[in-house]
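The values are calculated or read from the model by the stated rules, or taken from the named source; none is laboratory data. Values in this document were obtained by computation on a predicted structure and should not be read as measured data. Ideal geometry is used to build each Cβ from the backbone, glycine not excepted, and the neighbour counts take in all protein chains shown.
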Amino acid sequence: MHPWVIYANELSRDRERLQNQLPFDEERWLLAHSDSLSEPRQWHVRRRVAQGLALASRATAGAVRRLDDCVADDLGRSLAPTE
């Protein structure tokens with residue numbers, strides 16, 4: 001869950017508590033059962049996927065550079081004035 005979403009949920013709960021003046025026991029129950037604390041963290045999976053995509057991107061960029069060098073040399077030879 002994104003930190004801004006967690007922050008917005010906390011703000012809405014704070015406003016609700018101020019309006020309803022929840023009893024202390026119910027407030028403790030809400031904190032114990034909040035979504036943000038019990039949600040499993042998936043950041044390590046996203047990080048591995050991002051690293052894999054970055055590696056693939058670097059590899060394809062290198063291949064394109066090599067191909068561009070070959071094509072540029074061929075194009076330069078074909079446009080060079082012949083004697």
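Structural remarks
- Residue 19 being out of contact with any strand residue (DSSP E or B) (no Cβ under 9 Å at 6 or more places or on another chain), part of a helix (DSSP H, G or I) and at pLDDT below 85: yes
- Contact annotation: residue pairs with Cβ atoms under 7 Å, 6 or more positions apart or on different chains, pairing a residue in region 21-48 that is surrounded by 10 or more Cβ atoms within 10 Å (Cβ to Cβ) with a partner that is modelled with pLDDT of 65 or more and not hydrophobic (A, V, I, L, M, F, W, C), are 27/17; 30/13; 36/9.
- Test for residue 60: is it at pLDDT 90 or above and of a type outside the set (A, V, I, L, M, F, W, C): yes
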